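We did not get these values from a lab; they are worked out from the coordinates using the rules stated. All values derive from a computational prediction rather than experimental measurement. Please note: Cβ atoms are built from the backbone with ideal geometry, for glycine as well, and neighbour counts cover all protein chains shown.
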Amino acid sequence: MNIYNTLSGKIETLSPIGKNKINLFVCGPTVYDDSHIGHARTYVAFDMLVNYLKHSGFDVFYLQNITDIDDKIIKRAKERNIKPKDLAIQFEKEYMADTKTLGIESVKKYARATEHIKEIISQVERLLAKGFAYQSTDGIYYDVSKFKKYGKLSGRTVEGAEDGTSRIDEGVEKKNKADFCLWKFSKEDEPSWPSPWGKGRPGWHIEDTAITEKYFGPQYDIHGGARDLIFPHHEAEISQMEAISGKSPLVKYWVHTGFLTINGQKMSKSLGNFTTIKDFLKENSPQVLRMFIFSSHYRSPIDLKDSSIQEAKANIEKLQDLIYALQKVEVTESLRPSKELGGFDSPFRQLQEKFWQELEDDFNTPKAKAVLFEIVNSVEVKLQQQNLTKEEAKEVLDFLKQINKIFLFLDFKKVKEIKIPDEIKKLTEQREACRKNKDWQGADKLRKQIDEAGWQVEDSSNGPKIKKI
Ligand code: AMP
């Protein structure tokens, strides 16, 4: 598979460090509030990508951190007069409930920051020992001027690092504007953990490298997140881990999703232009949200418009209707062999291959979607002409089931499977033999027998079709 790597700025062939094994990390949520559908865009996109990698035969270890200690958590907990820990637990539960409703099951391990304090302290100690960090009155800071490759992911320089970005640590005695906090000394009423430098809590960037070092070691395959995290967060991760290990690159492929926007603006808590996942799902199904996300390339922004949601809904309905029609064909007996009908197998196979090729090419889901609907349209034509065979219907259904393991926007449970009993099949065959021998009386008798058992035989130019009455 080919994938765009933010580090090189190029589309590259995916070639994991461990051949068939992929270690993949995506920055998880800061659990201080409900997640919005901007978050869902990123998490669903990675869920689809991981499902696809697994479908392609890779053994993927998908790791996600949970930021359960942070300034925002402390502030929100104070406002609510509850403990930061209780607030974090509450919103971690909400996050897990949301991911479950959205069908995200690809994450193998969720790792809480607060359960990796030992690993975080060890990283800070090593950075201090190697001269990449220094102590000031309010915490331990990373000295970006010491890391020569600072800026290699984002293209920022040490001097220009602070331009136009939020989420850069304030610090009274920072040596460089871009220096970031590794360990914050806690104030009286704040959560804290003992450390060699006094009571404190981890900075935001260090939790990720401490967690990935524990599970993956100093180098791994894929790191993901939305593009707002390229700087300063992911740049900081590289600076920390490569300074500690002396190994480069920390991550072979950096994969970043585009934003979910509203009127061109990023959906975010701070702008107040957000719709929570829960609110969105009051009006729409999870399948509609997944189809909406599938319809755009993961790197492109998606603007949330009512018309796009309606389109996703219509697409889902079209596919569900097709599943229903295909299941009906699957149980409708045609005694003519499928190759006699011809014409469908080969164009469908070519389209199926094209579908997978589009995904191989930097996971191009909008192009794959166009191919999917080419398939849908050609099947519909066949259905209208009543010359889709049982085998062809099965082939299309199998294909839809296969892609649904990756994208999860279809519901096969909604449509009942109807099985034709062997006895009815036998009676139909006997009746067909009678008709061939011009034994009309015998054929009528058998039809009556089939009728009485609750089935109906229709004679068409493609042979008899059996339907449940
Ligand atoms: P946060 O909890 O704000 O750190 O965000 C969690 C994840 O969601 C990160 O990967 C963010 O980059 C991503 N994210 C936040 N807002 C959006 C958005 N509007 N569109 C896409 N991804 C987003």
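Quick notes on this structure:
- Efficiency of FRET from Cβ geometry, residue 311 and residue 467, R₀ 30 Å, rounded to 0.05: 0.35
- The simple Förster model, with R0 at 25 Å and r as the Cβ-Cβ distance, assigns residue 321 and residue 374 a FRET efficiency of 0.90.
- Anisotropy class of segment 422-468 from Cα gyration tensor, a/c 1.5 cut: oblate
- Restricting attention to the chain, close to 55% of DSSP beta bridges with both partner residues there are antiparallel.
- When each of 269/367; 19/152; 85/109; 100/419; 21/394 is checked by Cα-Cα distance, pairs over 22 Å: 269/367; 19/152; 100/419; 21/394
- Going from the fewest other Cβ atoms within 10 Å to the most, the residues 209, 114, 428 appear in the order 114, 428, 209.
- In this simple spin-label model, placing a label point 7 Å from the Cα along the Cα-to-Cβ direction at both residue 273 and residue 437 gives a separation of 7.7 nm.
- Candidates 192, 433, 224 compared by Cα position along the dipole of the chain: farthest toward the positive end lies 433, with charges placed on Cβ.
- Simple rule: put +1 on each Lys or Arg Cβ and -1 on each Asp or Glu Cβ in the chain, find the dipole, and look at 291, 408, 241; the Cα lying farthest toward the positive end is 408.
- Helix 235-245 axis, angle to the chain major axis (alpha carbon atoms, nearest 10°): 70
- Virtual spin-label span in nm between residue 130 and residue 101, 7 Å along Cα→Cβ: 4.3
- With a simple spin-label model that places each label point 7 Å from the Cα along the Cα-to-Cβ direction, the separation between residue 86 and residue 115 comes to 2.2 nm.
- Note on segment 2-257: Cα-only Rg and Dmax are 17.8, 52 Å.
- Maximal additional length on extending the residue 247-residue 21 stretch stands at 79.4 nm, based on 0.36 nm per residue less the C-alpha distance.
- Dipole of the chain [Lys/Arg +1, Asp/Glu -1 at C-beta], most positive-end residue of 389, 453, 99: 453
- Taking Cα centre as origin and charging only the Cβ of basic (Lys, Arg, +1) and acidic (Asp, Glu, -1) residues, the dipole magnitude of the chain rounds to 600 debye.
- Sparse packing (at most 10 other Cβ atoms within 10 Å of the Cβ) combined with a DSSP loop state is found for the following trypsin sites (Lys or Arg not before Pro) in segment 374-469: 413, 414, 416, 419, 438.
- Shown here: segment 22-174, whose C-alpha atoms stretch 46, 45, 33 Å along the first, second and third principal axes, sorted largest to smallest.
- Test item: Cα-centred dipole of segment 422-468, Lys/Arg +1 and Asp/Glu -1 on Cβ, debye: 80
- Förster-model FRET efficiency, 25 Å R0, residue 349 and residue 1, C-beta, rounded to 0.05: 0.75
- q = 0.06 Å⁻¹: log10 I(q)/I(0) that the Debye formula gives for the chain, counting C-alpha atoms only: -0.37
- For segment 169-290, a simple Cβ point-charge model (Lys and Arg +1, Asp and Glu -1, everything else neutral) yields a dipole of about 220 debye relative to the Cα centre.
- Here segment 417-469 and segment 374-396 have alpha carbon centers that stand 23 Å from each other.
- Fewest neighbouring Cβ atoms within 10 Å first, the residues 201, 227 line up as 227, 201.
- Given 13 as the ceiling on other Cβ atoms within 10 Å, longest exposed-site-free region of the chain for GluC sites (Glu not before Pro) in DSSP loops: 189-416
- Acute angle (nearest 10 degrees) that the helix 71-80 long axis makes with the longest principal axis of the chain, alpha-carbon atoms: 80
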